[in-house]
Ligand code: URA
């Protein structure tokens, strides 16, 4: 129906990147408004964050892939310039890739395993990036929620130290 660009604070410290709009998102024009979105909102709340307040939410692809399938490499590459422009405009301190599609396009890697990338500080366009599971995956695999909680704690610690680094000014 429509391109779903993103939602939130256009100068947010946090940029969360999902995969692509589903049926609900395509209908409403906002990312993560369905079941996965409810879980994402709960994940944000667990680290004292709220959609729209210092948080921007975008997707790797801006249009709903037919039949809700995973976006192809070509589709990821076609939408990548829009995502890079969003990063350039928002200038987040930290990017959170939610799932493999976001990690793939942000890291420009074809073979991505979320389980192997989580818990590390990576970089996309020179900005620190962490990878965690996609909320839809967590809905299907609730046993992995404990790991997602570890990732949330890790990203909160990472943001804290990023803020500390910029508040330290060398003596003049
Ligand atoms: N899943 C996503 O990756 N993005 C959305 O916007 C909704 C569900």
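Okay, here's what the table says:
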| quantity | calculated |
| --- | --- |
| Total residues in region 151-172, condition more than 16 Å from the chain's Cα centre (by Cα) and surrounded by fewer than 14 Cβ atoms within 10 Å (Cβ to Cβ) | 13 |
| Count of residues meeting criterion [within 14 Å of residue 15 (Cα to Cα) and either surrounded by 13 or more Cβ atoms within 10 Å (Cβ to Cβ) or within 10 Å of the ligand (Cβ to nearest atom) (or both)] in region 53-81 | 7 |
| Pick from region 23-47, criterion touching a residue at least 60 places away in the same chain (Cβ under 8 Å) and on the phi < 0 side of the Ramachandran plot, ranking: nearest to the chain's Cα centre (by Cα) | 40 |
| Residues of region 88-117 classified as more than 18 Å from residue 152 (Cβ to Cβ), surrounded by fewer than 20 Cβ atoms within 10 Å (Cβ to Cβ) and in contact with a strand residue (DSSP E or B) (Cβ under 7 Å, 6 or more places away or on another chain), total | 1 |
| Meets criteria (closer than 24 Å to residue 9 by Cα and in contact with a strand residue (DSSP E or B) (Cβ under 7 Å, 6 or more places away or on another chain)) for residue 47 | no |
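Residues are listed down the side, and each one gets a yes or a no for (1) in a strand (DSSP E or B); (2) within 11 Å of the ligand (Cβ to nearest atom); (3) farther than 30 Å from residue 163 by Cβ:
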{"site": "16", "(1), (2), (3)": "yes, yes, no"}
{"site": "20", "(1), (2), (3)": "no, yes, yes"}
{"site": "24", "(1), (2), (3)": "no, yes, yes"}
{"site": "27", "(1), (2), (3)": "no, no, yes"}
{"site": "30", "(1), (2), (3)": "no, yes, no"}
{"site": "36", "(1), (2), (3)": "no, yes, no"}
{"site": "45", "(1), (2), (3)": "no, no, no"}
{"site": "48", "(1), (2), (3)": "no, no, no"}
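No lab work stands behind these numbers, since they all come straight from the coordinates. What you see is a predicted model, and the numbers here were worked out from it, not measured in a lab. Glycine also receives a Cβ, built like all others from the backbone with ideal geometry; neighbour counts cover every protein chain displayed.
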